[in-house]
1. Taking the simple approach of a point 7 Å from Cα along Cα-to-Cβ for both residue 104 and residue 214, what is their distance in nm?
2. Relative contact order for the range 197-264: what percent, with Cα pairs under 8 Å and sequence separation of 6 or more?
3. Once a ≥ b ≥ c are taken as the square roots of the eigenvalues of the Cα gyration tensor of the range 63-173, is the result rounded (a/c under 1.5), prolate (a/b larger than b/c) or oblate (a/b not larger than b/c)?
4. Provide the FRET efficiency to the nearest 0.05 for the residue 135-residue 47 pair, computing r from the beta carbons and using R0 = 35 Å.
5. What is the fewest-to-most order of 29, 278 by other Cβ atoms lying within 10 Å of their Cβ?
6. Please state, to two decimals, what the Cα-based radius of gyration of the range 2-191 comes to when divided by 2.2 N^0.38 Å (N = residues).
7. Highest first, please rank the peptides 147-158, 226-237 by the mean number of other Cβ atoms sitting within 10 Å of their residues.
8. As a footprinting exposure proxy, order 195, 315 by other Cβ within 10 Å, with the fewest listed first.
Ligand SMILES: Nc1ncnc2c1ncn2[C@@H]1O[C@H](COP(=O)(O)OP(=O)(O)OP(=O)(O)O)[C@@H](O)[C@H]1O
Ligand SMILES: [Mg+2]
């Protein structure tokens, strides 16, 4: 995948272009190496994959582009990856950008006008699109056209420019933050789920194979268990554990090496790191189990609200450790049991352990 910049230096990645770029960093090439390219390499999300395969097959038979698609779910679950898998399966080009890069009307107009029939336009963080850009997108998505005005006050004329038929794939960690009219223009809307330990074990084995890391089944399982249901974290941990195995052992990742390395990285058996544990402790110790507002939690932890909401909270909620209530976040009795929290009077009165 070549990476080019548009005239304002905002990065747009274009697949299948015959260009190379010196901007390609090590991390990007690592990402590209391990990023699945086809459905059969894309682990898990089976319900979503089945639906997409049918839509792709139907679009191919009808010789039309796919309906616009919206993916939502926590970071690192494979939204961007899936968009490029779809482009590969459709055998089309994909242009990848992110809503904050589409600040001015001409950013999005330029991008739309550069599309060719059948292209996929991927907009990450689509909930952050500003109102003007969003309104430019409406007719583009619905009628494949751009509505523009030319001239000044008295001579103001509105013109309609046709666009080639394309597919917009939007991704967001916050489906709720998307405006109704924008959400309604997507024909396919899907939530990505956290991965099971077995699925993450497959992701880890695949990554290890690509990176030529010697890993045992039990070693992969041990890493999977602590990867908080997220392939991006699983891939990151494989690299960290590999470093540990090289320095402290024979370079082979078995169960013992994996567990030792993960203990040193302070990732516990639930996959929680220091920030997760501080968050739970804060609610338990300072707020008597909650409820406590997200702003208070963020300030106390020195994190921003968005990071707590997008990165930490979804997994803690999914694991059943915290509960979102209208009055704030609350520890669950399950969390108290798992972390042996005994001094929360309110919770102990309500629930028996
Ligand atoms: N289903 C999968 N199978 C194998 N690897 C995957 C899968 N999903 C994601 N990955 C790996 O995890 C990494 C993160 O995926 P990706 O960047 O697509 O996540 P994302 O949902 O777009 O995250 P963000 O919300 O932060 O943009 C990728 O490098 C990819 O290799
Ligand atoms: Mg992404």
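1. 5.7
2. Details: 95 pairs, mean separation 24.3, N = 68.
Value for the range 197-264: 36 percent.
3. oblate
4. After rounding, the FRET efficiency stands at 0.60.
5. Neighbour counts put them in this order, fewest first: 29, 278.
6. So the Cα radius of gyration is 1.04 times the expected 2.2 N^0.38 Å.
7. 226-237, 147-158
8. Final ranking by Cβ density, sparse to dense: 315, 195.
Quick note: the coordinates plus some simple rules give every number you see, no bench work behind them. All of these numbers come straight from a predicted model, not from anything done at the bench. Every residue, glycine among them, receives a Cβ derived from its backbone with ideal geometry; neighbour counts consider all protein chains shown.
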